[in-house]
Amino acid sequence: VQLRVGGGLVQAGGSLRLSCAASGPTSSIYNMGWFRQGPGKEREFVGVIRWSDGTAYYTDSLSGRFTISRDNARNTMYLQMNSLRPEDTAVYYCAGRGMFTTQPIYDIASYPYWGQGTQVTVSS
């Protein structure tokens with residue numbers, strides 16, 4: 001499975017939508033998630049979507065500003081980010097994992113498929 005991510009530059013208070021297109025044996029993917037890594041920080045969980053029914057879960061601090069959705073026909077996941085803040089500046093990654101995974105959804109190591117990461121810069 002290959003994942004490709006698109007990103008960008010935005011001013012504080014603005015919005016940005018990231019996309020993650022999956023290709024290859026995508027039927028093996030059960031969850032697709034977003035992670036981010038800010039300057040000098042560890043990679044952290046943003047949220048995840050269950051591919052079968054579109055149910056999404058988020059880290060508490062971002063719920064309400066970020067929304068994850070997917071387009072089954074295009075094998076594409078989206079991250080809609082609103083009311084962006086300078087502290088949202090990070091490299092954003094998408095990741096995928098299969099069904100038979102017992103680790104928590106925020107467990108980075110449980111995701112075998114990763115996109116290349118895209119820089120999101122929020123200017124103040």
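The values are calculated or read from the model by the stated rules, or taken from the named source; none is laboratory data. The model shown is predicted, which means the values in this text are computed figures rather than measured ones. No Cβ is skipped: glycine too gets one built from the backbone with ideal geometry, and neighbour counts run over all protein chains shown. Heads up: the accessible areas ignore ligands, DNA and RNA and are worked out on the full protein's heavy atoms, side chains in. Shrake-Rupley method; radii C 1.70, N 1.55, O 1.52, S 1.80 Å.
At-a-glance table
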{"item": "FRET efficiency estimate (nearest 0.05) - Cβ-Cβ, S15 to S124, R0 25 angstrom", "result": "0.95"}
{"item": "Computed lengthening from Y30 to N72, 0.36 nm per intervening residue step minus Cα-Cα distance", "result": "13.9 nm"}
{"item": "Dipole moment magnitude, nearest 20 debye, the chain about Cα centre, only Lys, Arg, Asp, Glu C-beta charged", "result": "240"}
{"item": "Accessible surface of the chain [probe 1.4 Å, protein heavy atoms]: carbon and sulfur percent", "result": "47"}
{"item": "For the chain, accessible area per residue (1.4 Å probe, heavy atoms of protein chains only), Å²", "result": "51"}
{"item": "Most mobile listed residue (S69, S83, S61) in the chain, GNM with C-alpha springs under 10 Å", "result": "S61"}
{"item": "Efficiency of FRET from Cβ geometry, R50 and Q116, R₀ 25 Å, rounded to 0.05", "result": "0.60"}
{"item": "Extension gain (nm, one decimal) between R85 and R65, 0.36 nm per residue minus Cα-Cα", "result": "6.2 nm"}
{"item": "The stretch 65-109 - charge dipole about Cα centre, Lys and Arg +1 at Cβ, Asp and Glu -1, debye rounded to 20", "result": "140"}
{"item": "Length added when fully stretched, I108-Q37, from 0.36 nm per residue minus Cα-Cα", "result": "24.4 nm"}
{"item": "Top of T102, T89, T26 by mean-square fluctuation, Gaussian network on the chain, Cα under 10 Å", "result": "T102"}
{"item": "Antiparallel DSSP beta bridges within the chain, percent to nearest 5", "result": "85"}
{"item": "Trypsin sites (Lys or Arg not before Pro) restricted to DSSP loop in the stretch 1-62 with at most 16 other C-beta within 10 Å", "result": "K41, R43"}
